[in-house]
Amino acid sequence: LELRMKEFNQPLSGNDMPRFGGIASMFRLPVQADAAGLDVALVGVPLDIGTSNRTGSRYGPREIRSESVLVRPYGMATRAAPFDSFQVADVGDVPLNTYSLEKSIDIIEAHFDTLLASGAKTIAMGGDHTVALPILRAQHKVHGKMALVHVDAHSDTNDSMFGEPITHGTIFRRAIEENLVDPTRMFQIGLRATGYAAEDFDWARERGVRVVPAEECWYKSLGPLMDEVRQAIGPDRPVYLSFDIDGLDPSVAPGTGTPEPGGLVTSQGLEIIRGLYGLNVIGCDLVEVSPTYDPSGNTALLAANLIFEMLCCLPGCQRRS
Ligand code: MN
Ligand code: MN
């Protein structure tokens, strides 16, 4: 353990610098300009020009970093030790063009191409959900067609919005059409509320996606669902996790652009991510945190903790006995 701690970056301890002091990098880790030498790169994608209702998720990465100062290095329930297992750093934000969604999509893809070329895995902090499409495009070049676990209130499989093919509500339609993901190994968890048409979630179902509406999750543990997910995906197939914070209920995650009542509770969000341990998780994103609507900071704090759990679900993350 001693040796590993010398070998790998460690979060700045709350006993060396007060948690409210110092530079608010993600998990108080060192910041570096690229992903050289990293097992996992934590990267911000501060884009919110793909959103359809409330804006503000451009501030997501900054606030998630700010709230992440409270996250400590060990998971007490899982005994996971991500910073003894992986070299992790904060690689800053994608320098997108906030005047052009189209250009930003290409900038994000190229940025992830470069990060992935270093051999690092990426955990992305949004930004609105549009960012998942260029990330999946980059991941696909490395890993081929992926299984996908998608937590969200929304299916994000609209054909277009205002005639635009790429928005935060159309990305998974594009991802399936472009063969980036395998819809028969795709799970959409937490879908609910109102749609443009009564059949909105059926486009995905008709392509073999396992749609798990929020109502199917109410009042119960998602442990059995995650058993099903692990069974269907298997230990070797590359799987990507895309976690829209609005999959959780607005009572626990109010700071988001398109909140929908009746969502998942915090413990279910934790069960989903922890339930991926043992799979070949190749990358993750946490999107749609809008600090503008998050006066208590609870949504960003929750997001930081969910991102810690993402680190802990990556293959090779050791558990202390
Ligand atoms: Mn979404
Ligand atoms: Mn959503």
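The values are calculated or read from the model by the stated rules, or taken from the named source; none is laboratory data. All values derive from a computational prediction rather than experimental measurement. Note that each Cβ is placed from the backbone with ideal geometry, even for glycine, and that neighbours are counted across all protein chains shown.
For this structure, a couple of remarks:
- The one condition from (1) aliphatic (A, V, I, L, M); (2) within 16 Å of ligand 1 (Cβ to nearest atom); (3) within 18 Å of Ala41 (Cβ to Cβ) that Leu248 does not meet is (3).
- For region 171-201, a tally of residues being within 12 Å of ligand 2 (Cβ to nearest atom) and among the polar types (S, T, N, Q) returns 1.
- Scanning region 277-302 for residues that are closer than 28 Å to Phe86 by Cβ and more than 13 Å from the chain's Cα centre (by Cα) returns Tyr277, Gly278, Leu279, Asn280, Pro291, Gly297, Asn298, Thr299, Leu301.
- Filtering region 129-158 to residues that are more than 12 Å from ligand 2 (Cβ to nearest atom) and under 17 Å from Gly208 (Cα atoms) leaves Lys145, Met146, Ala147, Leu148, Val149.
- Selection count, region 261-276, where residues are over 16 Å from the mean Cα position of the chain (by Cα) and either among the polar types (S, T, N, Q) or closer than 15 Å to Arg237 by Cα (or both): 1
- So Gln318, is it without any contact (Cβ under 8 Å) to a residue 40 or more places away in the chain, over 26 Å from Ala198 (Cβ atoms) and out of contact with any His (no Cβ under 7 Å at 6 or more places or on another chain): no
- Positions within region 1-46 being of a type outside the set (Gly, Ala, Ser), closer than 30 Å to Tyr293 by Cβ and touching a strand residue (DSSP E or B) at 6+ places or on another chain (Cβ under 7 Å), in sequence order: Met26, Leu29, Val31, Val40, Leu42, Val43, Val45, Pro46
- Exactly one residue among Thr55, Thr51, Thr98, Thr78 is in contact with a strand residue (DSSP E or B) (Cβ under 8 Å, 6 or more places away or on another chain) and among the polar types (S, T, N, Q), and that residue is Thr78.
- Filtered by the rule that a residue be under 20 Å from Leu47 (Cα atoms) and hydrophobic (A, V, I, L, M, F, W, C), region 163-183 gives Ile166, Ile171, Phe172, Ala175.
- One residue stands out among those in region 279-297 that are part of a strand (DSSP E or B) and within 16 Å of ligand 1 (Cβ to nearest atom): the one that is surrounded by the fewest Cβ atoms within 10 Å (Cβ to Cβ), which is Asp285.
- Val142 being farther than 28 Å from Asp249 by Cβ and modelled with pLDDT of 95 or more: yes
- Candidate set: region 39-79, residues that are in a helix (DSSP H, G or I) and hydrophobic (A, V, I, L, M, F, W, C); chosen: the one surrounded by the fewest Cβ atoms within 10 Å (Cβ to Cβ): Leu70
- All positions within region 251-260 that are crowded, with 23+ Cβ neighbours inside 10 Å and more than 14 Å from ligand 1 (Cβ to nearest atom): Gly255
- Pair list, Cβ < 6 Å and 6+ apart or interchain, from region 57-72 residues that are among the charged types (D, E, K, R) to residues that are buried (at least 19 other Cβ atoms within 10 Å of the Cβ) and at pLDDT 95 or above: Arg58/Pro46; Arg58/Asp48; Glu63/Pro291; Glu63/Ala300; Arg65/Met26; Glu67/Ala300; Glu67/Leu301; Glu67/Ala304
- Some residue of region 220-237 being of a type outside the set (D, E, K, R) and closer than 30 Å to Thr292 by Cα: no
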